[in-house]
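The structure under discussion appears below in the form of structure tokens.
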Amino acid sequence: MKKSNYFFPVMACLFFAITINGQPSKTMVFKKVQEPREKAFSLLLPNNWVIEGGIFRIDPTAGGGSGNAIDAKLDIQFKKDQNGTVMMRWFPDMNYFDMSNSPAGQMGMFPTGSNYNGMTVIPKMDALSFIQYVVIPYAHPGLMNFEVVDNKSSPEIVEGIKKADAFIGIPFVYTAGIATISYTENGIKYKERIIAATQDFGELGAGLWKNRFTLCARAPYDQFESWEPVFIEMIRSVQINMQWLIGEIRGQVERGAINADVLRRLQEMDKEIQEGHSKTYAEINNDMFLTLTEQEEYVNPYSNEVEVGSNQWKNRWVNESGEVVYSDSDDYNPNLDQILNRSDFKKTPIRKRYGD
């Protein structure tokens, strides 16, 4: 693929693949990109957006213990510009420890905020409390004032996580919540939606708990709804690199944390995905972002496989590299777009329904 020309004329900027007055344009080009550090997954990202962060790992010596050193962590931001005026961020899944039922904790040896084998000591929280007391301070250090626009639990997300974890065979206790907040930063009023789940390991964990599937998305307050289809398309398009995942689980097994049955299940998942049975995982991704807006099933003209995409634009194209272009303009053709410099885009028809 030839490199895109970033120095195109101003008039082209106003029409192709960028935003007008900060809002999504009628045509939105999504590039397929990989997590930058370990190629752990890929997703569709609006053209010219910025990626910061990625997979990281905690040294048990530097972290004060092995409690968070066994698995890879992900902290990654996808930003429209360097200031993140429109942005989506995934936060790392971290293990925490509740010492309230521990004799050492009851003796005051491990107060809240202290380190226990590499884990921060925090009383167990439901998801909405976790968002308020952990996620927001982590995402916005020093943020003094914010207004809660909406705040609700999400049994749908809980059910999605239960389905994803069913093969483990252990009845963990989950909570999930969605909070929408507003705040002002550098003179701009933002709306931000935050999703989080928590997992309590119960008696087996003896105080161990963690957060799961934690992410946020923000935009200027009066533009947030217009950016929602873009956020959803990004989340919906996530594809795990199964070779990376199996290697990651092997490493966790070697570090003594994961039963080998999990590895065998992941190998089965890899086979299922290779055979085209990825709908379940796409649906789980869909459940991770509030009340997802409408979606559509399209037939990929290269693979003939059914794939899920946004229905917030009238037309959709895909190329051999898996890049996607959406447009509301009937006169637009990505193959004639000199900026994209590609001629292999094909329109993706909507999957025919039974009886059509």
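Taken together, the values in this text are just the output of simple stated rules run on the coordinates, not laboratory data. Because the structure is predicted, anything quoted here is derived from the model rather than measured. Using ideal geometry, Cβ is built from the backbone for each residue, glycine included, and neighbour counts are taken over all protein chains shown.
Please arrange Tyr332, Tyr116, Tyr302 by how many other C-beta atoms lie within 10 Å of their C-beta, fewest to most.
Least crowded to most crowded, the residues run Tyr302, Tyr332, Tyr116.
For the pair Asn315/Lys162, report the inter-label distance in nm, with labels modelled 7 Å from Cα in the Cβ direction.
Going by the 7 Å Cα→Cβ label model, 4.5 nm.
Could you tell me whether the range 42-88 comes out rounded, prolate or oblate from its Cα gyration tensor? Rule is a ≥ b ≥ c as square roots of the eigenvalues, rounded for a/c under 1.5, then prolate if a/b exceeds b/c, otherwise oblate.
Judged from the Cα gyration tensor, the range 42-88 comes out prolate (a/c at least 1.5, a/b above b/c).
Exposure proxy check: Ser42, Ser100 ranked by fewest other beta carbons within 10 Å?
Going from sparsest to densest Cβ surroundings: Ser100, Ser42.
Using 0.36 nm per residue of separation minus the Cα-Cα distance, give me the extension gain between Lys347 and Val173 in nm, one decimal.
Net length gain for the segment: 58.2 nm.
Please compare each pair in Lys314/Lys346; Lys314/Lys352; Lys31/Lys189 to a cut-off of 19 Å on the Cα-Cα distance and tell me which ones are over it.
Violating the 19 Å limit, Cα to Cα: Lys31/Lys189.
Kirkwood hydrodynamic radius for the range 114-234: how many Å is it when counted over pairs of different Cα atoms?
Its Kirkwood hydrodynamic radius stands at 15.8 Å.
For Ile232, Ile194, Ile161, what's the fewest-to-most ordering of other Cβ within 10 Å of each Cβ?
Final ranking by Cβ density, sparse to dense: Ile161, Ile232, Ile194.
Give a residue-ordered list of calculated ³J(HN,Hα) values for the range 94-104 (Karplus: 6.51 cos²θ - 1.76 cosθ + 1.60, θ = phi - 60°; whole Hz; x for Gly, Pro).
10, 7, 10, 9, 9, 8, 5, 9, 8, x, 5
Volume per residue, Å³, of the convex hull around the alpha-carbon atoms of the range 35-286?
142 Å³
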